[in-house]
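The next block holds one structure in the form of C-alpha cells; read it before the comments.
Derivation of every value follows stated rules applied to the coordinates shown; laboratory data play no part. Nothing here was measured: the structure is a model prediction, and the numbers come from that model. Don't worry about glycine lacking a Cβ; one is built from the backbone with ideal geometry, like all the others, and counts go over all protein chains shown.
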Amino acid sequence: AGLNDLVALVADGMKRVNSTILSRTGSDVAMIPEVANHLIASGGKRLRPILTLACAQLCGYVDEAGKDGDVKLAASVEFMHTATLLHDDVVDESDMRRGRVAARIKWGNEASVLVGDFLLGQAFRMMVEVGSLKALDILSAAATVIAEGEVMQLAAAKNLETSEDAYLAVIRGKTAELFAAACEVGPVIAQRSEAEQAAARSYGMNLGIAFQLIDDALDYGGTSTELGKNVGDDFREGKITLPIVLAYRRSDEEERGFWRRTLTRGEIRDDDLATALSILRRHGTLEETVARARHYGETAKAALDIFPAGPVRSALLDAVEFCVARAH
Ligand code: 2DE
Ligand code: MG
Ligand code: MG
Ligand code: MG
Ligand code: MG
C-alpha cells in the first residue's frame, strides 16, 4: 500500500531516470549542477516521473532497441517539475524546500530562475530525442498551462471574493496539468487508443487537483517538520486558497475584518497565523478541503476502470490514497 508498490514496480526504470537526471544536469558552468543537485538530491518523492513510467507500463510500453522513451519522458517531467519549484520559491518568496534552505536563499533569486530555465531547456531536448511529436505537444502545452495557472493565481491574490471556480482553474493549471501530462504521455508512447490517453490524463488531472488541495490544507494545518517547508507561506503572501474561499463566506464581520487586514492589506502580526488557523477550524474548512481532495481522488481512481486489473493499476489506485493521506 501507500506508494511502495508503485515504487517497486517502476524501480528499474527509476534507476535509469535518476542516472539520466544526473547526466543531464551536467554543465561546464559549475553553478548549474550545484544548484540543480541541491534540489534534485533533496529526497523528493519523484512522484511525477514514477507516474509516467507506471502509465507507460500499464499500457504495455515496450522499449524498442533501448531507446529509453519512457525513461527520457519521465526525466523530462521531473526536470519540468524541478524548474517549476526553483521558479516557485522565487515567486512565493519561500525560504525552505524539502527540509533544506531554498536554492534562492543559498544562491539568490537570479541563479534559481536561470538554473530553472536550464532544466526546462534540457527537458525539451530529451523530449525531442524521444521523437514523439504528440508527447512533445502534451508536455510543452503543460509548460504554458502551468505558467497560465501561476499568472491567474497572481491576478487573484489578496482578492477575498475569489470564487471556487477561479481557485480550481488556478490549481488545475499550476499543479494538476503536469500530473495529467505526466500520465498521458505513458499511453502516448505505448501507442494506445485516444480513450486510454484520455483516461490516463483524467487520472493525472484529478490526482493533481487532490494533491494541491491537500497542499493548500497543509499550508495551514501541517507542521514545517512534516512538510519540509514553512507553514503559513500562503497566508503571508495573501494567497486565496480553498480553505480561505470557504471560510470567508462563512465569516462574521469581525472575522472578515481580520481577513481583509491580513490577506488583502498584508498587515500581518506574529500571532495572526494562529488566529487564521482557529477561524478555519471554527468553520471546518480544512476538513472540507480534504474532503474535496478525497472526492477528486475517487474520480481519479474511476478513470482507471478502462485499464486491465493488475499490479500496476492497483498500485496507481494506492497512490491516490497516499496523496490524499500524505503528511508531506
Ligand atoms: C505549487 O504551488 C505550484 C507550482 C507551480 C509553479 C510554477 C511556476 C511557473 P505552491 P509549494 C512558478 C514556472 C513554469 C515553468 C518552469 C514551466 O503551493 O507549497 O506554491 O510547494 O507549492 O511552494
Ligand atoms: Mg510555493
Ligand atoms: Mg506557488
Ligand atoms: Mg503550497
Ligand atoms: Mg507558497
| field | Close pairs (9 angstrom Cβ cut-off, 6 or more residues apart or separate chains): farther than 20 Å from GLN153 by Cα in the stretch 73-91, near ligand 1 (Cβ under 7 Å from one of its atoms) and not hydroxyl-bearing (Ser, Thr, Tyr) anywhere | value | PHE79/LEU120
| request: Given the conditions (1) part of a helix (DSSP H, G or I); (2) farther than 17 Å from SER19 by Cα, report the number of the one that VAL77 does not fulfil. | output: (2)
| said: Just to check your reading of the model, which residue among ALA166, ALA74, ALA157 is out of contact with any strand residue (DSSP E or B) (no Cβ under 6 Å at 6 or more places or on another chain) and more than 28 Å from VAL231 (Cβ to Cβ)? | reply: ALA74
| task | Determine whether ALA247 is of a type outside the set (Val, Ile, Thr), more than 16 Å from ligand 2 (Cβ to nearest atom) and under 29 Å from VAL101 (Cα atoms). | result | no
| Any helices (runs of 4 or more DSSP H) falling wholly within the stretch 230-298 and containing at least 2 residues that are surrounded by 18 or more Cβ atoms within 10 Å (Cβ to Cβ) | 233-237, 242-250, 272-282
| query | Scanning for something within 26 Å of GLY228 (Cα to Cα) and either part of a loop (DSSP other than H, G, I, E, B) or away from ligand 4 (no atom under 16 Å from the Cβ) (or both), does the stretch 86-93 turn up at least one residue? | reply | yes
| request: Could you tell me whether the stretch 217-228 includes any residue that is assigned to a helix (DSSP H, G or I), under 23 Å from THR52 (Cα atoms) and in contact (Cβ under 8 Å) with a residue 12 or more places away in the chain? | output: no
| request: Tell me which residues, restricted to the stretch 197-222, are more than 16 Å from the chain's Cα centre (by Cα), more than 16 Å from ligand 5 (Cβ to nearest atom) and surrounded by fewer than 20 Cβ atoms within 10 Å (Cβ to Cβ). | output: ALA198
